[in-house]
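The values are calculated or read from the model by the stated rules, or taken from the named source; none is laboratory data. A quick note: this is a predicted structure, and the numbers were derived from the prediction, not measured. With ideal geometry, Cβ positions are generated from the backbone for all residues, glycine too; neighbour counts draw on all protein chains shown. Surface areas here come from the heavy atoms of the whole protein model, side chains and all, with no ligands, DNA or RNA. Shrake-Rupley method; radii C 1.70, N 1.55, O 1.52, S 1.80 Å.
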Amino acid sequence: MGRMTGSWLSGPESVLGRKPELGEYRGDSLGLPETGPGSLAGSWQRCLGLLVDWLMCGGVSLLFVRFTSPHISTVVLAVWFVIGAVTVALFSFTPGQFVVGLRVVRVDGRTSIGVVRAVARQVLIVFIVPPLLNDGDGRGLHDRATQTALVRSR
């Protein structure tokens, strides 16, 4: 009986150890360093960068609508989408990512993120679910789909 239930009672496979194809640490299979600049960003850093972006966009949206407007949330989302897509395409980071010390890089080694990848990445993040689902390296589905990674810049 123990053998039958052990497969699902043992917990997720990640508890048993990393798969060999993933490498020894997060980002190893992508050729990224384990720590320091260029290493994959942690979840808390990602969340803090998003919080800074969201608060900043909330302030900017007050230039367009009143705080008591029923459309404030839609305007905040639109401002966040535009600022995120434009800044990632031009600078490889959003203002919040810059404050936290993060940047978006392409995993194929090219330098420019490009407009198409930046917009696609923002569209996927709008749906919330892709950033919450991570692979073995800690990249969200939006990063996997756009062949990007969020790394530490300092």
Label-point separation, Asn134 to Leu62 (7 Å along Cα→Cβ), nm: 3.3
Listed values [x] 11, 35, 29, 15, 8, 2, 0; [y] 9, 24, 18, 12, 9, 7, 8, 8, 5, 0; [z] 9, 32, 27, 17, 12, 3, entry calculated as P(r) over Cα pairs in 10 Å bins from 0, in percent: [x]
Dipole of the chain, positive end: most advanced residue of Ser69, Ile113, Leu32 [Cβ charges, Cα centre]: Ser69
1.4 Å probe accessible area per residue over the chain, in Å²: 62
Principal-axis tilt of helix 115-126 within the chain, Cα atoms, nearest 10 degrees: 80
Net charge dipole size for the chain [Lys, Arg +1 and Asp, Glu -1 on Cβ; Debye, nearest 20]: 220
Taking the range 13-154 and dividing mean pair separation by its residue count, relative contact order in percent (alpha carbons under 8 Å, at least six apart): 28
Most mobile listed residue (Val82, Val52, Val65) in the chain, GNM with C-alpha springs under 10 Å: Val65
Angle in degrees between helix 43-61 and the longest Cα principal axis of the chain, rounded to the nearest 10: 10
Rounded percent of accessible protein surface that carbon and sulfur make up, the range 46-154, 1.4 Å probe: 72
